[in-house]
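Engineer: Sharing a structure, written as structure tokens. Questions coming.
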Amino acid sequence: MGLLRNRAFRRELALMAGVLAAAAALACAVEGGGAAAWALGTGALSCALFWAFSARRHREIARLAEEVDEVLHGGRRIDFSDYREGDLAVLKNELAKMTAALAGANERLGREKQALADALADVSHQIRTPLTAIGLTVAAIEAARDDAERFRALRELEGLVERVGWLVTALLKLAKVDAGAIRVQASAVDARRLVREALAPLEGALDLRGVAVETRVAPGATFTGDAAWSAEALGNVLKNCMEHTPSGGVVCVRAFEDAVAFRILVTDTGPGIAPEDLPHLFERFYRGAGSEGFGIGLSLARSLATAQGGTLSAGNDPDTGGARFEFAFPKMVV
């Protein structure tokens, strides 16, 4: 009797019974009692068949609903192998698509949740290290015995504060890239000016480290992109090369156009990229052996290049043996 609790079924059954009664009355008036009995019998058989088919469909839908409920609360998948073709085929197919989409979304959510937890742990670790050093440096300043020692400690403290500031700024930029909140301009970018602006913040550090820079920019080379974000991306790559180049070494920057793209090549005379580090070089917070950075500069550089429709790849230069980075910004084809 559970089927009678279905309002739609009761309405359809009442409609059929009404039509049956009207047909029997009409048959009785036209053909007499025999025709009315025949009409009633045929109508009763039709109602019985309708009841049977509706009950069967109701059981299938109820079973399907139970399995969907198990998927939503138990996490298992629906097995559609035992369902035959019929008027529920469309519903079954759509439910199959829905469960597949839900399963995929749940897996992605799990990965993103784990990635967020790992990122928070990495950020906490990255910030805690310089903050611990800052605390030790402050204690050293308080215990300094002369002005020279105090001045050295203050310079070290200044460097640590700058590192924390750079880390926080880089993390904010990465968050903007992830959220799609970075506005990328599409205008002509002069290659010579781009290289000059990317190198400007590193000039002091390059001098202190004794690392020379060579620039070879093709005259008139330009590309369509965002000058500020391109300088940011190139600056992060240059900073990475500087940190891995020993005193007396050279970082070389080349910028030129070919038939396919505008390219910037950055090479150094350092030890190169270890084979085990190369697949992970652009992963966030990944730090290879001997790395001085936080492991986000190259990740940010690639994200900024990608946001402009460009690419950033890495390898080892066959001539110098050091690292080799290549930006490529494809030309627009009309």
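The values are calculated or read from the model by the stated rules, or taken from the named source; none is laboratory data. Predicted model, so just to flag it, every value in this text is computed and none were measured. Because the Cβ atoms are built from the backbone with ideal geometry, glycine has one as well, and the counts that use them run over all protein chains shown.
Engineer: Filter region 141-199 down to the residues that are under 26 Å from the mean Cα position of the chain (by Cα) and small (G, A, S) and list them by number.
Structural biologist: G165, A170, A175, A179, G180, A181, A186 - these are the residues of region 141-199 that are under 26 Å from the mean Cα position of the chain (by Cα) and small (G, A, S).
Engineer: Which of the numbered conditions does A181 fail, given that it passes all the others? Conditions: (1) in a helix (DSSP H, G or I); (2) modelled with pLDDT under 80.
Structural biologist: (1)
Engineer: Does A227 satisfy the condition of being in contact (Cβ under 8 Å) with a residue 40 or more places away in the chain and surrounded by fewer than 19 Cβ atoms within 10 Å (Cβ to Cβ)?
Structural biologist: On the way: in contact (Cβ under 8 Å) with a residue 40 or more places away in the chain: yes; surrounded by fewer than 19 Cβ atoms within 10 Å (Cβ to Cβ): yes.
Criteria met by A227.
Engineer: Something else now. Answer yes or no as to whether A175 is part of a helix (DSSP H, G or I) and crowded, with 16+ Cβ neighbours inside 10 Å. Talk me through it step by step, then tell me what you get.
Structural biologist: Working: part of a helix (DSSP H, G or I): yes; crowded, with 16+ Cβ neighbours inside 10 Å: no.
Against the criterion (part of a helix (DSSP H, G or I) and crowded, with 16+ Cβ neighbours inside 10 Å), A175 does not qualify.
Engineer: On to the next question. Just checking, which of V195, V184, V138 is in contact with an Asp or Glu (Cβ under 8 Å, 6 or more places away or on another chain) and surrounded by 11 or more Cβ atoms within 10 Å (Cβ to Cβ)?
Structural biologist: On the way: V195 fails: in contact with an Asp or Glu (Cβ under 8 Å, 6 or more places away or on another chain); V138 fails: in contact with an Asp or Glu (Cβ under 8 Å, 6 or more places away or on another chain).
On inspection, the qualifying residue turns out to be V184.
Engineer: For region 168-180, indicate whether the set of residues that are more than 26 Å from E112 (Cβ to Cβ), out of contact with any Phe, Trp or Tyr (no Cβ under 7 Å at 6 or more places or on another chain), outside the structural domain of Q308 (by TED's automatic domain parsing) and not β-branched (V, I, T) is non-empty.
Structural biologist: In the first step, residues of region 168-180 are kept if they are more than 26 Å from E112 (Cβ to Cβ); the result is none.
No, there is no match, as no residue in region 168-180 is more than 26 Å from E112 (Cβ to Cβ), out of contact with any Phe, Trp or Tyr (no Cβ under 7 Å at 6 or more places or on another chain), outside the structural domain of Q308 (by TED's automatic domain parsing) and not β-branched (V, I, T).
Engineer: Filter region 198-213 for residues that are in a helix (DSSP H, G or I) and surrounded by 11 or more Cβ atoms within 10 Å (Cβ to Cβ) and give the result. Break it down into steps so the answer makes sense when it comes.
Structural biologist: If we filter region 198-213 for residues that are in a helix (DSSP H, G or I), which is where we start, we get 198-209.
Result: A198, L199, A200, P201, L202, A205, L206, R209.
Engineer: Any chance region 52-70 includes a residue that's modelled with pLDDT under 70, among the small types (G, A, S), in a helix (DSSP H, G or I) and out of contact with any Phe, Trp or Tyr (no Cβ under 8 Å at 6 or more places or on another chain)?
Structural biologist: The answer is no, given that none of the residues of region 52-70 is modelled with pLDDT under 70, among the small types (G, A, S), in a helix (DSSP H, G or I) and out of contact with any Phe, Trp or Tyr (no Cβ under 8 Å at 6 or more places or on another chain).
Engineer: Here's a follow-up. Filter region 237-268 for residues that are within 12 Å of A221 (Cα to Cα) and either among the basic types (K, R) or not assigned by TED's automatic domain parsing to the domain that holds A218 (or both) and give the result. Working first, answer last.
Structural biologist: Start the filter on region 237-268 by keeping residues that are within 12 Å of A221 (Cα to Cα), which leaves 254-258, 261-264.
Within region 237-268, R254, R263 qualify.
Engineer: While we're on this one: When you look at E283, is it in the same structural domain as A227 (by TED's automatic domain parsing) and modelled with pLDDT under 90, yes or no?
Structural biologist: Working: in the same structural domain as A227 (by TED's automatic domain parsing): yes; modelled with pLDDT under 90: yes.
Here the answer is yes, as E283 does meet what is asked.
Engineer: I78 fails exactly one of the following numbered conditions: (1) modelled with pLDDT of 60 or more; (2) surrounded by 14 or more Cβ atoms within 10 Å (Cβ to Cβ). What is the number of that condition?
Structural biologist: Among (1) modelled with pLDDT of 60 or more; (2) surrounded by 14 or more Cβ atoms within 10 Å (Cβ to Cβ), I78 violates only (1).
Conditions (1) touching a Pro at 6+ places or on another chain (Cβ under 7 Å); (2) under 30 Å from K331 (Cβ atoms); (3) of a type in the set (D, E, K, R); (4) free of Cβ contacts under 8 Å to residues at least 12 places away in the same chain, marked per residue:
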position	(1), (2), (3), (4)
G165	no, no, no, yes
L174	no, yes, no, no
I182	no, yes, no, no
L194	no, yes, no, no
G210	no, no, no, no
R216	no, yes, yes, no
A233	no, yes, no, no
K239	no, yes, yes, no
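Engineer: OK, next. Across region 230-261, which residue is nearest to the chain's Cα centre (by Cα) among those that are buried (at least 17 other Cβ atoms within 10 Å of the Cβ) and of a type in the set (V, I, T)?
Structural biologist: V237
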